Amino acid sequence: MSVMPNSHEALLRNRARLSGRVALLGVSSPALLAELPSGGLAMTEHAGCASQLEGQENGEGAWQVAFGYDHPALTAGGFDTLVVFLPKARAELDLRLSLARWLAAPGASLILLGEKKEGIAGAVKQLKAMAPEAGKIDSARHCQVWLADGMAPLAEFQLADWMQWHTVTLDDTSIEVSGLPGIFSQGELDGGTAVLLQTLTDLPMKADRILDFACGAGVIGAWHQAWQKAQGRAVSPVDGVDVQSQAVICARATYDRNGAEGTIIASDGLAEVDGRWPAIVTNPPFHTGVKTDTSMTENFLRDVSRHLQSRGELRLVANSFLPYESLIQRFIGPVERLVEDRRFTVYRAIRR
């Protein structure tokens, strides 16, 4: 059996608690599905996990996979056991618990589980706010497992009700940006993104179309085009790619609200991306859960040359302590530092 997260192992210890039609919310390992007693629904907000989960079967039936909180497979009142894995963002847990209540059939059971270092103690307070009688049924694999029986279903769940808007202003150019629980830098302009955007005004890219890798809520693409319009420049459409469902949803909403041009793609890295661009920009993530993890950026740098035209430009911002310069040099070409301080460095490289 493949190595699974501790939370998935903890669920297997309690598989006898899974009855009727089961929905797994936030599942991250396809190996789990083959070990469970029956088919059901497996939801993930991660595009790569969704691809891996597709087609998983066991002895009694297939699992239906839902990518994100707005997938059509998510239907009200159809599930007897709801399993909620702890997300890394506390605000996203409220969203996930509300989805679970909406999916629940009358009298359904809800299981919440997660690791101590991920914040399960605080998550239990959120669970008890909606299910005061919830109790702990197991502690294993550094996890706690909590059960709430007889859930009262939620009458309505609309993802749009969770969407919030905020204004981003830089160099007298403002855009409206969408946000959903769990998205990166919700409600504010990330410092690294601000530094990267400033370099786009100080040293504009010579490109008629740009790809924004790990685009988040679409800030870079929407703001850059708004700035170009304000300066009377020709507008360069910006395509975006992100692995997270909420980011894809928010980026599309941000583009619509601001009249920005570009296609937003859901992809784990560049796996689902076709085409070549004269310029690519990115403020890539370096965390998986609570751990530092640079693997996504390292894989991106290995793959990006297939999507960057000859003499095309890569512009990347990262925390200054991260060791990206040698990788950029190896996979793209000569590197220069446009900005460097104690917090952020903006690298610029031209493909050989």
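Quick check on the range 86-107. Is at least one of its residues open to solvent by less than 50 Å² (accessible area, probe 1.4 Å), modelled with pLDDT of 95 or more, under 15 Å from Arg17 (Cα atoms) and in contact with a strand residue (DSSP E or B) (Cβ under 7 Å, 6 or more places away or on another chain)?
no
Can Pro106 be described as out of contact with any Pro (no Cβ under 7 Å at 6 or more places or on another chain) and either part of a helix (DSSP H, G or I) or not hydrophobic (A, V, I, L, M, F, W, C) (or both)? Break it down stepwise before answering.
Values: out of contact with any Pro (no Cβ under 7 Å at 6 or more places or on another chain): no; either part of a helix (DSSP H, G or I) or not hydrophobic (A, V, I, L, M, F, W, C) (or both): yes.
Taking the combined requirement at face value, the residue does not satisfy it.
Among the residues of the range 181-188, is there at least one that is crowded, with 20+ Cβ neighbours inside 10 Å, touching a residue at least 12 places away in the same chain (Cβ under 8 Å), farther than 23 Å from Gly48 by Cα and in contact with an Asp or Glu (Cβ under 8 Å, 6 or more places away or on another chain)?
The answer is no; no qualifying residue exists.
Which condition number in (1) open to solvent by 60 Å² or more (accessible area, probe 1.4 Å); (2) closer than 26 Å to Asn319 by Cα is the one that Trp165 fails?
Tallying (1) open to solvent by 60 Å² or more (accessible area, probe 1.4 Å); (2) closer than 26 Å to Asn319 by Cα, Trp165 fails exactly one: (2).
Only residues that are in contact with a Gly (Cβ under 7 Å, 6 or more places away or on another chain), at pLDDT 95 or above and either assigned to a strand (DSSP E or B) or not aliphatic (A, V, I, L, M) (or both): list them for the range 110-143, please.
Correct list: Cys143 only.
Identify, by number, the condition in (1) touching a strand residue (DSSP E or B) at 6+ places or on another chain (Cβ under 8 Å); (2) part of a loop (DSSP other than H, G, I, E, B); (3) surrounded by fewer than 21 Cβ atoms within 10 Å (Cβ to Cβ); (4) not hydrophobic (A, V, I, L, M, F, W, C) that Gly262 doesn't meet.
Only one criterion in (1) touching a strand residue (DSSP E or B) at 6+ places or on another chain (Cβ under 8 Å); (2) part of a loop (DSSP other than H, G, I, E, B); (3) surrounded by fewer than 21 Cβ atoms within 10 Å (Cβ to Cβ); (4) not hydrophobic (A, V, I, L, M, F, W, C) is unmet by Gly262, namely (3).
Which residue is surrounded by the fewest Cβ atoms within 10 Å (Cβ to Cβ), if the candidates are limited to the range 30-44 and must be more than 11 Å from Met4 (Cβ to Cβ) and among the small types (Gly, Ala, Ser)? Show your work before the answer.
Taking the range 30-44 first, the residues more than 11 Å from Met4 (Cβ to Cβ) are 36-44.
If we keep only those that are among the small types (Gly, Ala, Ser) as well, we get 38-40, 42.
On the way: Ser38: 14, Gly39: 18, Gly40: 22, Ala42: 27.
Out of the qualifying residues, it is Ser38.
Criterion first (modelled with pLDDT of 95 or more, touching a Ser or Thr at 6+ places or on another chain (Cβ under 7 Å) and open to solvent by 10 Å² or more (accessible area, probe 1.4 Å)) does Ala253 satisfy it?
yes
Go through Trp165, Trp146, Trp102 for me and flag whichever is more than 22 Å from Ala42 (Cβ to Cβ) and of a type outside the set (Val, Ile, Thr). Spell out how you get there, then give the answer.
Numbers: Trp146 fails: more than 22 Å from Ala42 (Cβ to Cβ); Trp102 fails: more than 22 Å from Ala42 (Cβ to Cβ).
Unique residue meeting the criteria: Trp165.
Quickly run through the range 214-234 and pick out the residues that are of a type outside the set (Gly, Ala, Ser), touching a residue at least 12 places away in the same chain (Cβ under 8 Å) and closer than 23 Å to His166 by Cβ. Don't jump to the end; show me each part of the working.
First pass over the range 214-234, keeping only residues of a type outside the set (Gly, Ala, Ser): 215, 219-220, 223-225, 227-229, 231, 233.
From what's left, touching a residue at least 12 places away in the same chain (Cβ under 8 Å): 215, 219-220, 223-225, 227, 233.
Selection gives Cys215, Val219, Ile220, Trp223, His224, Gln225, Trp227.
Just need a number here: residues in the range 125-155 that are more than 26 Å from Ala76 (Cβ to Cβ) and open to solvent by 10 Å² or more (accessible area, probe 1.4 Å).
10
Contact list please: Cβ distance under 9 Å, first residue in the range 124-140 and touching a residue at least 60 places away in the same chain (Cβ under 8 Å), second residue open to solvent by less than 10 Å² (accessible area, probe 1.4 Å), pairs at least six apart or on different chains.
From residues that are touching a residue at least 60 places away in the same chain (Cβ under 8 Å), the pairs are Ile137/Ile111; Ile137/Val145; Asp138/Ala10; Asp138/Leu113; Asp138/Val145; Ala140/Ala10.
Do we have Pro87 as farther than 24 Å from Asp268 by Cβ, outside any helix (DSSP H, G or I) and not aliphatic (A, V, I, L, M) here? Can you show your working first?
Working: farther than 24 Å from Asp268 by Cβ: no; outside any helix (DSSP H, G or I): yes; not aliphatic (A, V, I, L, M): yes.
Answer is no for this residue.
The values are calculated or read from the model by the stated rules, or taken from the named source; none is laboratory data. Note that the coordinates shown come from a computational prediction; the quantities given were computed from them, not determined experimentally. Cβ coordinates were reconstructed from backbone atoms using ideal geometry, including for glycine residues, and neighbour counts include every protein chain displayed. For the accessible areas, the whole protein counts, side chains as well, though only heavy atoms, and no ligand, DNA or RNA atoms are used. Shrake-Rupley method; radii C 1.70, N 1.55, O 1.52, S 1.80 Å.
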